[in-house]
Every structure is written in C-alpha cells, then in structure tokens.
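Notes follow once the structure below has been shown.
The values are calculated or read from the model by the stated rules, or taken from the named source; none is laboratory data. A quick note: this is a predicted structure, and the numbers were derived from the prediction, not measured. Positions of Cβ are generated from backbone atoms using ideal geometry, with glycine treated the same way; all protein chains shown enter the neighbour counts. Note: areas computed on protein heavy atoms with side chains; ligands, DNA, RNA excluded. Shrake-Rupley method; radii C 1.70, N 1.55, O 1.52, S 1.80 Å.
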Amino acid sequence: MTAAAVLLLVGTGITLVSLIVVHLLPTGLNPLRDPVSQYGITRYRGWYWSAAAGAALAGVGGAVFFAPTSSTIAIVTVVLLVMFAVARALIGFFPMDAPERAATRAGRLHNLLATAAFASVTAAAFTGAGALRDAGFADASVWSTVCGAIMALGTVGLILATRAGLRAFFGLAERLIYVGFLAWFVLLAVLALS
C-alpha cells in the first residue's frame, strides 16, 4: 500500500468516524442549521479536533498522491492540498465564536481558516480532475469534477445561507462540502491503491 493511500484512508476514516460520533452525541446542535465548527465549542470538542486533524492528514495524502506528477496542474493541486491541510491542522486552535456573542480574534481567524480550507480543497478537486485526465484516468477525472461540483454547490449554499437569510440551512450546505471532499479523498485512495 502506498503512503498516499495510507494517509488518505486513515485521515478520511478518522474524519468520518469523528463526525459521525459527534453528530450522535447529545450536543443540542442541529445539523441542518449549525456549522460543524460549533461542535468545537461544546464539551465534545475533542471529536471536532480529531475530525479536523484527520482531514489535514487526508489533505497531506492527497498532496503525496499528486506530487510525483510534474505537470503544472498537478503542482497547483499539490499546493492547494497543502493549503487545505495547513488550514485544517490549525483550525482547532482557533475556535469559532459562539452564536450571539461578539466577534473575537480567534473567531475571525477561524473563519479565515475555514474559508481557506473549503476554497482550496474545492479548487483542488477541479485542478486534480485535469491532472487525472492528463494521466489517463478519464473516469476518475469525471468523478473528481463531480466532487468539486458538490463542494461548489455547498459553497453557494453557505453564501446564500449567510447573505439571503437562509441561516436555517447553513449546516446542511457546509456538510455538503464535507461530503464532497471526503468522497474525493476516497476516490484518490482507491486510485492510489490501484
């Protein structure tokens, strides 16, 4: 098994298990409305931290997967995945601001890190599709684009939720981004194993 496959599978597995567990715990949060990051300011924050660390690990795995390819698009994908991994690794140290509370420096940094993570992994799925196509993986390229489109749709949902008064669907839109990047990391792991 390659290093990329191990990092992708372990990181994605940690993230997925952590998110499932924290969603089943009695947090009082509503997955349709509340952001995933809000678990990080509950007494169950350790599960959120492990999900963030797992995602960072998977991001490193994705970078390792694309690194051997010297095409420009693959290099861009590696840079985007490193950005994602760094943002996910740091986000647990900067908790979001509690709802209805004044903005803090840590909360603003949290928002910047979340934006950097989501934007970079979404872009990486699209650039990665190009690198996969160039490497002869046409079907995987299509699926990479689909994962990127799912993340982009989630991003549009986040923007609408914050700007158009659809706050009740913020959590759902954000979780769509998670579904997109977790599915993409599984796709990359399968390719790394083949």
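Worth pointing out:
- Across the range 67-150, the mean sequence separation of Cα contacts (distance under 8 Å, 6 or more residues apart), normalised by length, yields a relative contact order of 31 percent.
- Positive end of the dipole of the range 32-137 (Cβ unit charges, origin at the Cα centre): among A123, P99, A67, the Cα lying farthest that way belongs to P99.
- Sequence of D97, D34, D139 from largest to smallest accessible area, 1.4 Å probe: D139, D97, D34
- Mean Cα-pair separation over length for the chain, i.e. relative contact order, pairs under 8 Å, 6 or more apart, %: 26 percent
- Carbon and sulfur %, accessible surface of the range 40-124 computed with the full protein complex present, 1.4 Å: 70 percent
- q = 0.17, 0.18 Å⁻¹, the range 109-182: log10 I(q)/I(0) [Debye, one scatterer per Cα]: -0.62, -0.68
- Options (1) 12.1; (2) 10.4; (3) 10.9 - which one matches mean projected area of the Cα convex hull in nm² as calculated here: (2)
- In order along the range 88-97, the phi-based Karplus estimate (6.51 cos²θ - 1.76 cosθ + 1.60, θ = phi - 60°) of 3J(HN,Hα) comes to 5, 5, 8, 4, x, 7, 10, x, 5, 6 Hz; Gly and Pro are listed as x.
- Cα-based convex hull, the range 71-123, per residue volume (Å³, whole number): 59 Å³
- Accessible area per residue for the range 6-100 is 47 Å², calculated with a 1.4 Å probe on protein heavy atoms, without ligands, DNA or RNA.
- In Hz, Karplus ³J(HN,Hα) per residue of the range 127-136 (6.51, -1.76, 1.60; θ = phi - 60°; x = Gly, Pro): 5, x, 4, x, 5, 5, 4, 4, 8, x
- Taking the chain as a Gaussian network of alpha-carbon nodes connected by springs under 10 Å, the highest mean-square fluctuation of the residues L112, L16, L57 belongs to L112.
- Rounded accessible area of R45 (nearest 10 Å², 1.4 Å probe): 100 Å²
- Summing Cβ point charges (Lys, Arg +1; Asp, Glu -1) relative to the Cα centre of the range 59-194 gives a dipole of roughly 360 debye.
- Legend: P(r) of the range 1-100 from all alpha carbon pair distances, 10 Å bins from 0, whole percents, reading 17, 40, 27, 13, 2.
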